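**Student:** Input: one structure, supplied below.
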Amino acid sequence: MNILRIIPCVAATLLGTQAVHAQSVETPIDTARNHPPADAAASAEARPAWSSTIAYALQFEGSIALNPAGPADNLNFGHELADRANRPLFNQALATISRPVTGGPETDVGFNLQGLFGTDARYTPTIGLFDQTLKGRYQFVLTQANVVVHSPILTEGGVDFKVGLAPGAMGYEGIDPASRPLYTLSYVTNFLVPFETVGVIATLHASPKVDIITGIDAGNEVVPGKSDNNGAPAGYFGVSLNHLADDRLTILAMTRFGPENSLKVLPDANRRMRYWNDVTATYKLGDRTTLVGEANYLRDDGLKAEAFGAVGYVLRTLGPAWSVAARGEVMRDPQGVFVVGFASDTAFTNAIIGNPDRYVTAPPTTYGSLTLGATYKSPVLSGQGVAVTVRPEVSYDRSLNGTHPFNGSSDRDQLIASLDLIVGF
């Protein structure tokens, strides 16, 4: 297989985003859910001072992912944030400054500024924004740098605009570990949804139950101009259905389209479209149980490849301190193009750019995965203003069609026992 052909494809499909990031960072979709249109009688005088609503947060995460097979390349294939086998990682120091917008009959302006230092930064770069500043295991990236504007136009709910660097607008799991139920990410999140975009995304609040989302950007994890791996833009379109089934069900359906491959790999990359499609449904079964389902299909005309998958979650709260989560997934990579292991600390960034590096590939494979995890949040420290979370987890991955992609391309399956610790202020 020609490694250069898979490089831009893999990089452009890594990392998804969840709705609300734990440090009060909001996407346009979150704004619709969390800030419904205010009563028309609300006045500017009733609002607090703009500066008083700015929030500050600092969060740290460390982890270890144990692989009893002890792969010679030290790589947990199919995993990214938990990619290094049997090695402790300082995943993140995540610093956030944000100011959310409110709905209503008046214009409101907010912002999100977020930076990340740690091993997770290797998988969340935006080419042209500090991506080459550090090249070791611990790197720095900006994950958010945007302005959010609520404008009371077109409908009673108005339109929210987000301009700048923001997480991709589709998928269930996010880079912020406190925003997702498990430490590891699904195959769909790792390989089939965009991570970061620079552009404009608008959310029209058509009604209390319907939001229409559209946007344009430079591409997945690139900025416009010289740092772009090609010269063509990409776009979003989607619908968010909220407060369905007695306020128990939310559905987010998004499609993304545009060239994503590097001109270094495909000279006609600007004309070769990639189509990303994702539907996520969240259903609150009861006061303590939530069900989540996600289905995804991706096609790349330049690489002549496609991939698709489905993920299901069962989330259960046991009490004030404990909760459990189960995730089951099947993903098909028919051409063996999308699921790739990044064997060096610079491989992910070079994949986006289109440069050669150390990559581990697999033959066409159908991946099955089952993950079980528990979460403990310290109630004592929470009362002191410190959020401490401990998450043990076991993940079992298996090739369902007889290939051997795991543990140095020697095994049909892979077992990982991981533990992460999150401390937030």
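**Student:** Using 1/(1 + (r/R0)^6) with R0 = 60 angstrom and r between the beta carbons of V109 and K264, what's the FRET efficiency to the nearest 0.05? Intermediate values should be presented prior to the final figure.
**Tutor:** Details: r = 39 Å, r/R0 = 0.65.
Calculated value: 0.95.
**Student:** Considering only N401, N229, N91, give the residue with the highest GNM mean-square fluctuation for the chain, with springs between Cα atoms whenever their separation is below 10 Å.
**Tutor:** N401
**Student:** On to the next question. Given the C-alpha atoms of the chain, compute the convex hull and give its volume per residue in Å³. Intermediate results must be reported in sequence, preceding the final value.
**Tutor:** Numbers: hull volume 55.9 nm³, N = 425.
With only Cα atoms used, the chain gives 132 Å³ per residue.
**Student:** Could you work out, for the range 65-217, what percent of all Cα-Cα pairs fall into each 5 Å distance bin, beginning at 0 Å and stopping at the bin that holds the largest distance?
**Tutor:** Histogramming the range 65-217 at 5 Å steps yields 2, 9, 15, 18, 18, 14, 9, 7, 4, 3, 1, 0, 0 percent.
**Student:** Shifting gears a bit: Express the accessible area of the range 231-296 per residue in Å², computed with a 1.4 Å probe while the remaining protein chains stay in the model. Display every interim value, and only then the final one.
**Tutor:** On the way: 3040 Å² over 66 residues.
Per residue, the range 231-296 has 46 Å² of solvent-accessible surface.
**Student:** Quick one: divide the alpha-carbon radius of gyration of the range 200-315 by 2.2 N^0.38 Å and tell me what you get.
**Tutor:** Details: Rg = 17.2 Å, N = 116, 2.2 N^0.38 = 13.4 Å.
Cα-based Rg divided by the globular estimate yields 1.28.
**Student:** For the range 263-321, report the translational diffusion coefficient in µm²/s to the nearest whole number, using Stokes-Einstein at 4 °C, 1.567 mPa s, and a Kirkwood Rh over Cα pairs.
**Tutor:** Details: Rh = 14.4 Å.
Rounded to a whole number, D works out at 90 µm²/s.
**Student:** So how much slack lies between V239 and F257, counting 0.36 nm per residue of separation and subtracting their Cα-Cα distance, in nm? Intermediate results must be reported in sequence, preceding the final value.
**Tutor:** Working: separation 18, 0.36 × 18 = 6.48 nm, distance 1.53 nm.
Taking V239 through F257 to full extension adds about 4.9 nm, to one decimal.
**Student:** Let me ask something else. Amide H of T143: which non-local residues (sequence gap of 5 or more, or other chain) have their own amide H closer than 5 Å, using H built in the peptide plane?
**Tutor:** Counting only residues 5 or more places away or on other chains, the set is Q114, G115, L116.
**Student:** Run the helix sum for the chain: -39,500 (n - 2.57) per DSSP H stretch of 4+ residues, divided by residue count, reported at 222 nm to the nearest 500 deg cm²/dmol. Spell out each step's value before the answer.
**Tutor:** Details: 6 runs with 37 residues, N = 425.
Mean residue ellipticity at 222 nm (helix-derived): -2000 deg cm²/dmol.
**Student:** Moving to a separate point now. Sort F425, F77 from largest to smallest accessible area, using a 1.4 Å probe on the heavy atoms of the protein chains.
**Tutor:** On the way: F425 125, F77 5 Å².
Descending accessible area places them as F425, F77.
**Student:** Can I ask one more? Once both labels are modelled 7 Å past Cα along the beta-carbon direction, what's the L291-Q384 spacing in nm?
**Tutor:** It is 4.1 nm.
**Student:** With a 1.4 Å probe and all protein chains left in place, how much of the accessible area of the chain comes from carbon and sulfur atoms, in whole percent? Can you show the working numbers first?
**Tutor:** Working: 10280 of 16160 Å².
The computed percentage sits at 64.
**Student:** For the range 139-192 and the range 221-285, write down the distance between their C-alpha centroids in whole Å.
**Tutor:** A separation of 12 Å, based on Cα centres.
**Student:** Using 1/(1 + (r/R0)^6) with R0 = 41 angstrom and r between the beta carbons of V147 and R358, what's the FRET efficiency to the nearest 0.05? All intermediate terms of the calculation are to be shown ahead of the outcome.
**Tutor:** On the way: r = 38 Å, r/R0 = 0.93.
That gives a FRET efficiency of 0.60.
**Student:** Using a 1.4 angstrom probe, figure out how much accessible area the range 117-220 has per residue, in square angstrom, rounded to the nearest whole.
**Tutor:** Working: 2910 Å² over 104 residues.
With all protein chains present, the range 117-220 gives 28 Å² per residue.
**Student:** Please work out how much length the chain gains when fully extended from K209 to T317, using 0.36 nm per residue of separation minus the C-alpha to C-alpha distance, in nm with one decimal.
**Tutor:** Numbers: separation 108, 0.36 × 108 = 38.88 nm, distance 2.66 nm.
So the chain would gain 36.2 nm between K209 and T317.
**Student:** If you build a Gaussian network model of the chain, linking Cα atoms that sit under 10 Å apart, which residue out of R271, R99, R47 swings the most?
**Tutor:** R47
**Student:** Using a Gaussian network model on the chain with a 10 Å cutoff between Cα atoms, which of S369, S262, S207 fluctuates the most?
**Tutor:** S207
**Student:** What pairs in K162/K304; K162/K377; K209/K304; K135/K377; K162/K209; K284/K304 have C-alpha atoms more than 30 Å from each other?
**Tutor:** Check vs 30 Å cut-off fails for K162/K304; K162/K377; K209/K304; K135/K377; K284/K304.
**Student:** May I pose another question? What full-extension length gain, to one decimal in nm, is calculated for K284 and E156 as 0.36 nm per residue of separation minus the Cα-Cα distance? Display every interim value, and only then the final one.
**Tutor:** Values: separation 128, 0.36 × 128 = 46.08 nm, distance 2.76 nm.
Gain on extension, K284 to E156, equals 43.3 nm.
**Student:** Debye sum, Cα scatterers, the range 335-413, no solvent: what log₁₀ I/I(0) at q = 0.22, 0.24, 0.25 1/Å?
**Tutor:** For the requested q values the scattering log ratios are -0.98, -1.07, -1.10.
**Student:** Right, another one. Over the Cα atoms of the range 251-297, Rg to Rh with Kirkwood Rh, two decimal places? It would help to have the intermediate numbers written out before the result.
**Tutor:** Numbers: Rg = 17.1 Å, Rh = 13.1 Å.
Rg divided by Rh gives 1.31.
The values are calculated or read from the model by the stated rules, or taken from the named source; none is laboratory data. Keep in mind that this is a model prediction, so the values were computed, not measured. No Cβ is skipped: glycine too gets one built from the backbone with ideal geometry, and neighbour counts run over all protein chains shown. Note: areas computed on protein heavy atoms with side chains; ligands, DNA, RNA excluded. Shrake-Rupley method; radii C 1.70, N 1.55, O 1.52, S 1.80 Å.
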